[in-house]
1. Could you run through region 1-31 and say how many residues are surrounded by 13 or more Cβ atoms within 10 Å (Cβ to Cβ), part of a loop (DSSP other than H, G, I, E, B) and out of contact with any Ser or Thr (no Cβ under 7 Å at 6 or more places or on another chain)?
2. Among what's in region 48-72 and is under 10 Å from the mean Cα position of the chain (by Cα) and of a type outside the set (A, V, I, L, M), pick the residue that is nearest to Arg27 (Cα to Cα).
3. If I ask for residues that are without any contact (Cβ under 8 Å) to a residue 24 or more places away in the chain, surrounded by 14 or more Cβ atoms within 10 Å (Cβ to Cβ) and assigned to a loop (DSSP other than H, G, I, E, B), which ones from region 43-68 would you list?
4. For region 3-21, check the following and say yes or no: at least one residue is touching a helix residue (DSSP H, G or I) at 6+ places or on another chain (Cβ under 8 Å) and either free of Cβ contacts under 8 Å to residues at least 60 places away in the same chain or among the aromatic types (Phe, Trp, Tyr) (or both).
5. Against the conditions (1) free of Cβ contacts under 8 Å to residues at least 12 places away in the same chain; (2) assigned to a helix (DSSP H, G or I), where does Leu40 fall short? Just the number, please.
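Just so it is clear, none of the values below were taken in a lab; they were calculated from the coordinates. None of these values were measured; they are calculated from a predicted model. Cβ atoms come from the backbone with ideal geometry, glycine included; neighbour counts cover every protein chain shown.
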Amino acid sequence: MNAAQPLSVSVTLGSGLHRYGPTGTKRSMRVPPGARIADLLAALGLQDAEPLLVARNGRVAAPEDPLEENDMVWVFPAVGGGA
C-alpha cells in the first residue's frame, strides 16, 4: 500500500511578517494530506502571531479549513485604524 503523498501549496507572506520569511514572494511548501490552515501556520511559525488574515484561493480562510493540492495561501497581519 502506498503512503499518501504530501500536498504542494503556495504561500505568500504579507508585509509585516518578514521575520517568518521573505514577504511578497510566493514559495512552495509541502504539507501532509489532511493538513489544515492551522497546520500550515504552525509550520511557518505563525501559530501565535495573532491576529492574522488568511486567504486561500482568493477567499478568506479559517484555521480549520483543509488544504488541497495546488492551493494558493496568502497570510497578512490584520490591521486596524481609525480614531
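1. 3
2. Among them, the one singled out is Asp71.
3. Gln47
4. No, there is no match, as no residue in region 3-21 is touching a helix residue (DSSP H, G or I) at 6+ places or on another chain (Cβ under 8 Å) and either free of Cβ contacts under 8 Å to residues at least 60 places away in the same chain or among the aromatic types (Phe, Trp, Tyr) (or both).
5. (1)
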